[in-house]
Amino acid sequence: MKRFYNIHDILKLEVNSGVSSLNDLDREFAFFKCERVNDPDIILNIGNFKPSTSDCYVVDHKYYVRDNYIYYLDSEGKAKWSVEIFGFEDGRTTINFYSSVKGIQRLLNPNFLAKDILLRTIEYKLGRMEYYLVHSAGVSRNGTAYLLAGRGGSLKTTLTMDLIRKGGFHLLGDDHVILNGENVLSFPENLQIFGYMIKNLETEVSWNFIDKIKFAYKLMRGCKYNNLKINNLSEIGAVLFILRKNGHNICIRELDRREATDRLIANNMVDDFISPQKLDISTGIYLKCMLAYSYVFPHSEVAKFYDSVREGLKDILRSVLVYEVEIPSKYSISTFERIKSFIDSLEKEVA
Amino acid sequence: MLREMNYTIHNIFTFKVIGKRGFFGALKNIDVEYKNFRTNNGRKPDLTIYLGNFTPENHDCYIVDNKYYIKENYFYCEDSYKVARWKFEMTGFESSETNSLRVRLHTNIPGGIIIPGFIIDHLIGYIMNKKSFPIIHGSCISQNNRAYVFAAQGGSGKTTIALNFVRRGYKLLGDNFTILHDGYALCFLSPLNLFYFNLLPMVKENMNTISKIEYYLKYLLYKTIGIKIATKVNVKDLFPNSIQTKSKLDTIFFLIPRKNFEIEEISKKELIKHLIANQKVDSIPFLKYMLEYSYVFPNSNISKHWIQYEENLKRAIDNKTLIFRVEVPRNAAETFNKILSRVERK
């Protein structure tokens, strides 16, 4: 079965799968789904495959590398995977991916590793075109975008939910957004979960058993959540780095731009290690591939990738306000109010 | 009953490990790994490692990914890899005084086995780099005070090549790591990891009975239930007369396994890029910790580690050093003969 996605006419994807159901992967990128694309930039084939590793360099017994190609097989915890990428550095990218996951995730998210690798490939391909996919939530109001960057568990999703519900903001993305020049492009993922949370839950962590059952029921009925207001293009206003601390105070300070760039890079790189499904595994599949490829080809575009992203982000952040926001580890309405009033004051400044 | 062990690496870097005695304990595994650096002088270590359970001092920290606790000069997390689990706390790594680094570690039994390679090697690498003695992943041999380095990832035959040279009368400086400084290679003697597939006859001849029994028991384990565990043998016991501490750097071979043997000269700049990527591929769990810390403190020393590593390598390898990139086939004997002829040509 073939599925097509189009990311703002910048990047076109085709996903093919054999027997396995792909609903979980489809849900993640539902926002970009389209009828058909011609000439896709990324083709992802899911299912068992035979790698063509002839004439490859072998790194650490498990990475097979040659020009513009990598094959890699590994396992960790409850998951096992193999991935083969043609066009790893340049040109059209074709990914063959096979994974098997044990336990409950097999039913709920059988393709979460495929999602990880697809997301990283999108990040790489976009980055090469000077569109930077950054790990950050984003909201916008009156055409100005405010990014809430943070590592996992920094409560940025909860803040985003409240800003949309109570602050009159539109959504750009709850986990990633795309930066290009002065523009911020939306990158909403898994809208069904986000839509459900924003309607029914107070915070991102307040899922209880009944909510899970309710959500699963809604999924089966094919509930769409079209009520979300999504803004596809805004001008960048400010970046707030959200850091959660086990203290009690909210503390906001301005951040050096170079520091902010380094932080965005570290945030993106380390994110590859973190499995959102809390499978107790940290895979880092794509980053490991990049490292192994750079090991063989130190002058390749892959090896230079994060350096060029750093230069690009530095340019973008040059005219942007950047702050660090320390929030208490326990979320309360006062945290939201403080941040909202801060963004309100920024809005005046930007205007 | 606590036991205290002291180790020093060429008196450049000293560390102390305090933990419980025991056959399966992490202390035993650490001692096997760093036995050759043992010293009796335990005064003013750069790094102190406490093994055993502890309560982390992680109040007032940034919480990242619900897992990492970070504040200035402090890092704590609980982590796992396959069946191995560990609690890891590190403080004092940003201070300018060198003797304030303190690590507390608590592991389960499998955790104790992998902890040297997953964490302690990289801690040593981090501090040695701070003192401008970069460590690279590669074996090293020497003759007439000229050192030849074989830098590579696992599976490229660097140990086999080095041991074959030792059989021909060359001296050994390291089979897995080598320290570079000021145009010299310094030894870093770690134990050989023996599996059923890499046991050379010359190693077998020199092994003592206990190691042999251990090796065959593990081989049996592999044959029956398929678990692969390395037998660790100290190279100093195997070849007591073939060890060298320091030699002038002559040639660096950078090895990558491929189909056919091919050799080409490359620039120092290119080599350094290979070496950095090599080091990064190796240090995955520790690299993750470094990135998490750099995320919170982008101006810290940890975040500058790789830039400093590059600078140090530039200084450590002098411009007269010959540098080759070698594609090596599976056939180790062929590789060895070709490299040997290259080394002995001069």
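The values are calculated or read from the model by the stated rules, or taken from the named source; none is laboratory data. Just so it is clear, the model here is predicted, and its values are computed rather than measured. Heads up, the Cβs are rebuilt from the backbone with ideal geometry, glycines too, and the neighbour counts pull from every protein chain shown. Keep in mind that these areas ignore ligands, DNA and RNA; they rest on the heavy atoms of the full protein, side chains included. Shrake-Rupley method; radii C 1.70, N 1.55, O 1.52, S 1.80 Å.
Structure notes:
- Candidates in segment A:291-317 are the residues that are in a helix (DSSP H, G or I) and at the interface with another protein chain (Cβ under 9 Å from one of its Cβ atoms); of these, the one that is nearest to residue A:269 (Cα to Cα) is A:291.
- Among (1) more than 19 Å from the chain's Cα centre (by Cα); (2) within 14 Å of chain B (Cβ to nearest Cβ); (3) modelled with pLDDT of 90 or more, the one test that residue A:203 misses: (3)
- Residue within segment B:118-133 that is hydrophobic (A, V, I, L, M, F, W, C), within 13 Å of chain A (Cβ to nearest Cβ), more than 30 Å from residue A:149 (Cα to Cα) and not in a strand (DSSP E or B) present: no
- Segment B:61-117, residues that are open to solvent by 50 Å² or more (accessible area, probe 1.4 Å), in a strand (DSSP E or B) and not hydroxyl-bearing (Ser, Thr, Tyr): B:78, B:85, B:102, B:106
- Only one of A:320, A:325 that is open to solvent by less than 10 Å² (accessible area, probe 1.4 Å), over 16 Å from residue A:133 (Cβ atoms) and within 13 Å of another protein chain (Cβ to nearest Cβ): A:325
- For segment B:298-314, the tally of residues that are open to solvent by 20 Å² or more (accessible area, probe 1.4 Å) and in contact with a strand residue (DSSP E or B) (Cβ under 8 Å, 6 or more places away or on another chain) stands at 0.
- Yes/no for residue A:178 being in a strand (DSSP E or B), under 18 Å from residue A:312 (Cα atoms) and β-branched (Val, Ile, Thr): yes
Condition check ((1) free of Cβ contacts under 8 Å to residues at least 12 places away in the same chain; (2) assigned to a loop (DSSP other than H, G, I, E, B)) across all residues:
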site: A:12; (1), (2): no, no
site: A:15; (1), (2): no, no
site: A:31; (1), (2): no, no
site: A:53; (1), (2): no, yes
site: A:75; (1), (2): yes, no
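- Exclusive hit being away from chain A (no Cβ under 14 Å), in a strand (DSSP E or B) and crowded, with 19+ Cβ neighbours inside 10 Å, set B:49, B:30: B:49
- Positions within segment A:23-61 being within 14 Å of chain B (Cβ to nearest Cβ) and open to solvent by 60 Å² or more (accessible area, probe 1.4 Å), in sequence order: A:54, A:55, A:61
- Residue match in segment A:158-166 (condition: crowded, with 19+ Cβ neighbours inside 10 Å, in a helix (DSSP H, G or I) and either within 14 Å of chain B (Cβ to nearest Cβ) or on the phi > 0 side of the Ramachandran plot (or both)): yes
- Residue in segment B:315-334 that is open to solvent by 50 Å² or more (accessible area, probe 1.4 Å), closer than 21 Å to residue A:56 by Cα, outside any loop (DSSP other than H, G, I, E, B) and at pLDDT below 95 present: yes
- Within segment A:80-98, the presence of a residue that is touching a Lys or Arg at 6+ places or on another chain (Cβ under 7 Å), free of Cβ contacts under 8 Å to residues at least 40 places away in the same chain and open to solvent by 30 Å² or more (accessible area, probe 1.4 Å) is excluded.
- Of all residues making up segment B:264-281, the number that are open to solvent by less than 50 Å² (accessible area, probe 1.4 Å) and in contact (Cβ under 8 Å) with a residue 40 or more places away in the chain: 10
- Exclusive hit being at pLDDT 90 or above, in a helix (DSSP H, G or I) and not aliphatic (A, V, I, L, M), set B:236, B:212, B:269, B:248: B:269
- Filtered residues of segment A:231-254 (kept if open to solvent by 10 Å² or more (accessible area, probe 1.4 Å) and aliphatic (A, V, I, L, M)): A:233, A:236, A:250, A:252
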